[in-house]
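**Q** Here it is, the structure, as structure tokens.
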Amino acid sequence: MRTSSIVDGEPLSARATVECRAIYRRGEWNVRIESDLVLSCDAATFRITGRLSAYEGDAIFAERRFERSIPRDHL
């Protein structure tokens, strides 16, 4: 699912979100992958936050989270 939002007249309120889910099953094998990504900004930086999680059955197998700030450099 992809969503984006912005408050009219407030360009720094812009926000984009992407959520992805995938399930793979075969016999007893059952895995799920989930990812979430959010892009937002302020006057000086773009901010990206994300999460990637892998599950085996209902138990989490691996997870990675990250946050990045990227200077806007007058953009």
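**Q** Residue check: is LEU37 under 14 Å from the mean Cα position of the chain (by Cα) and of a type in the set (A, V, I, L, M, F, W, C)?
**A** It is true that LEU37 is under 14 Å from the mean Cα position of the chain (by Cα) and of a type in the set (A, V, I, L, M, F, W, C).
**Q** Which one is surrounded by the fewest Cβ atoms within 10 Å (Cβ to Cβ) among residues in region 10-29 that are under 18 Å from ALA44 (Cα atoms) and free of Cβ contacts under 8 Å to residues at least 12 places away in the same chain?
**A** Out of the qualifying residues, it is GLU10.
**Q** If I go through region 48-60 residue by residue, how many of them are farther than 16 Å from THR3 by Cα and either basic (Lys, Arg) or modelled with pLDDT of 95 or more (or both)? Show your work before the answer.
**A** As a first pass, look at region 48-60 and keep what is farther than 16 Å from THR3 by Cα: 51-60.
Narrowing the set further to residues that are either basic (Lys, Arg) or modelled with pLDDT of 95 or more (or both) leaves 51-56, 59-60.
Counting residues in region 48-60 that are farther than 16 Å from THR3 by Cα and either basic (Lys, Arg) or modelled with pLDDT of 95 or more (or both) gives 8.
**Q** How many residues are at pLDDT 95 or above and of a type in the set (Phe, Trp, Tyr) if we restrict to region 1-39?
**A** Number satisfying all stated conditions: 1.
**Q** OK, next. Pairs needed: first member in region 47-59, within 8 Å of VAL31 (Cα to Cα); second member anywhere, of a type in the set (Lys, Arg) and surrounded by 15 or more Cβ atoms within 10 Å (Cβ to Cβ); C-beta distance under 8 Å; at least 6 residues apart or different chains.
**A** ALA54/ARG32; TYR55/ARG32
**Q** Any chance region 15-34 includes a residue that's over 11 Å from the mean Cα position of the chain (by Cα) and under 30 Å from HIS74 (Cβ atoms)?
**A** Checked against the condition, which is being over 11 Å from the mean Cα position of the chain (by Cα) and under 30 Å from HIS74 (Cβ atoms), region 15-34 yields at least one hit.
The values are calculated or read from the model by the stated rules, or taken from the named source; none is laboratory data. It should be emphasised that the depicted structure is a prediction, and the values quoted were computed from it without experimental measurement. Every residue, glycine as well, gets a Cβ built from its backbone with ideal geometry; the counts of neighbours run over all protein chains shown.
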